[in-house]
Amino acid sequence: MNYKKRISYLSFLLLGLSLSAQTPIDQKATKKTQNLLANLHEISSQGFMFGHQDDQAYGVGWKAEEGRSDVKETAGSFPAVHGWDVGSRLDRESNLDDIRFSNMKTWIKKAYKMGTINTLSWHLDNLTTGTNSWDKTPSVADILPGGSKHAEFVEQLDLLAEMLEGMRTTFTRIPIVFRPWHEHNGDWFWWGKGNCTEAEYIALFQFTVDYLKNEKNIHHLLYAFSPDRSRLRLDTIPEQNYLYGYPGDEYVDIIGIDNYGDVGRIGGPNTPEQQQENFIQSLKLITKIAREKGKVAALTETGLEGVTKPDWFTEIILNPIKANDQEIDIAWVLVWRNANTTHHYAPYAGHPSVPDFQKFDEDPLTYFEKDMNNPYKRGKALKSSDK
Ligand code: BMA
């Protein structure tokens, strides 16, 4: 090969590589799911979407009131990412936080129609004991093939598949980011470190993906992996540390992280300065891993309970990300649910953090529903790249 030919061959190869890296792990993913992943790559290189758990379902002082959202009532627009949870068991009418599954489906559809994105986590009950996900009694071996509770687990997966099938409009299945078995490097869930082996955890993740994809023919999912920052050492071999329990590049589309410990929590081991430094390092770490693997990085859960620092959104989240923009590419930041005046992570009308939240919303780096165009159409995710 002459020099020029070699160069063009090389660039062809590189293009092929980068394109394949932007393809969902599910080879049969629907076109809209493929587009969503490509758009998440694009969004993460420009700014980040704001997400909120259970946003349309309830807020501080209200529940299931059509059209309401604490985020909309404070920032003026719905979040761009809507988080939901399908725990505790899918044979119930409502999830663990009392959201009716039938309502959840309606709100997921609404989020899709307004050009925003849905992500699902799963606080599945411990099927060995019949109690909740915080019951640490070992259960993973029981629910894997050959285990005494395998049939029960498969029943839950069948119900999940049925529910996912129902997340559709007349013509299309709604692409969803599925984030099972989160925070597994912590020891607080039955699938966590210490309550099962690393090999069992990997087998659980792989079985879940393979079953939905290959047995149930579900092809409108992107899959997220999301360890917890509090159990991740950033000072030594952080990458290796992050990859504890990683099921493999063929099983993960999103390189996530849950981080509550570095965002202003009082009483932890670190000063606010150390927390900020660790926050930045953790986001640089997931960006680096995502870039190396051709995946998308995201801050899949965060928040300061009660938003007790009125400038939390700009000082703790936005400014550190902005100051390190070159080394941080995250597609979204999702804060947890607004249950009541003490357990809430987004503001609600009248809360002292509202003015700052509005500043956060107005910043060109953050995307809310009003900034979204169509994340399911290639290259058309945002209304404009600079608002
Ligand atoms: C936790 C708390 C719980 C809730 C669970 C699942 O962080 O918010 O109250 O039940 O998440 O949403």
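Worth a mention:
- Filter pass, Ala224 being more than 18 Å from the chain's Cα centre (by Cα) and not in a loop (DSSP other than H, G, I, E, B): no
- Single residue of segment 95-134 satisfying the filter (away from the ligand (no atom under 12 Å from the Cβ) and assigned to a strand (DSSP E or B)) that is surrounded by the most Cβ atoms within 10 Å (Cβ to Cβ): Ile117
- Applying the criterion of being among the acidic types (Asp, Glu) and in contact with a helix residue (DSSP H, G or I) (Cβ under 7 Å, 6 or more places away or on another chain) to the residues of segment 308-333, the residue that is nearest to the ligand (Cβ to nearest atom) is Asp311.
- Among (1) more than 29 Å from Pro24 (Cβ to Cβ); (2) part of a strand (DSSP E or B) - the single one Glu273 does not satisfy: (2)
- Any hit, segment 202-215, residues being farther than 29 Å from Asn39 by Cβ and in contact with a Ser or Thr (Cβ under 6 Å, 6 or more places away or on another chain): no
- Which numbered condition Asn185 misses (of (1) in contact with a helix residue (DSSP H, G or I) (Cβ under 7 Å, 6 or more places away or on another chain); (2) part of a loop (DSSP other than H, G, I, E, B); (3) over 24 Å from Val296 (Cα atoms)): (3)
- Scoring Asn217 on the criteria (1) within 21 Å of the chain's Cα centre (by Cα); (2) within 23 Å of Asn118 (Cα to Cα) leaves a single failure, condition (1).
- Scope segment 123-147; condition in contact (Cβ under 8 Å) with a residue 12 or more places away in the chain and among the hydroxyl-bearing types (Ser, Thr, Tyr); matching residues: Thr128, Ser133, Thr137, Ser139
- The number of residues in segment 333-379 being touching a residue at least 60 places away in the same chain (Cβ under 8 Å) and more than 14 Å from Glu73 (Cα to Cα) comes to 24.
- For segment 198-213, the condition holds for no residue, the condition being that it is surrounded by fewer than 22 Cβ atoms within 10 Å (Cβ to Cβ), part of a loop (DSSP other than H, G, I, E, B) and either at pLDDT below 95 or out of contact with any helix residue (DSSP H, G or I) (no Cβ under 7 Å at 6 or more places or on another chain) (or both).
- Under the condition of being away from the ligand (no atom under 16 Å from the Cβ) and touching a helix residue (DSSP H, G or I) at 6+ places or on another chain (Cβ under 7 Å), the residues counted in segment 334-366 number 14.
- Cβ separations smaller than 7 Å between residues 6+ apart or across chains give the following pairs from segment 228-256 residues that are of a type in the set (Lys, Arg) to residues that are in a helix (DSSP H, G or I): Arg229/Ser282; Arg233/Asn241.
- Per the listing Thr314, Thr271, the residue uniquely more than 24 Å from Ile43 (Cβ to Cβ) and without any contact (Cβ under 8 Å) to a residue 60 or more places away in the chain is Thr271.
- Each residue in segment 21-33 was checked for being more than 17 Å from the chain's Cα centre (by Cα), assigned to a helix (DSSP H, G or I) and in contact (Cβ under 8 Å) with a residue 40 or more places away in the chain, and 2 of them qualify.
- Residue list for segment 40-56, filter: within 16 Å of the ligand (Cβ to nearest atom) and either farther than 21 Å from Met104 by Cα or assigned to a strand (DSSP E or B) (or both): Gly51, His52, Gln53
The values are calculated or read from the model by the stated rules, or taken from the named source; none is laboratory data. Not measured: the values here are computed from a predicted model. When we count neighbours, we look across all protein chains shown, and the Cβ atoms used for this are built from the backbone with ideal geometry, even at glycine.
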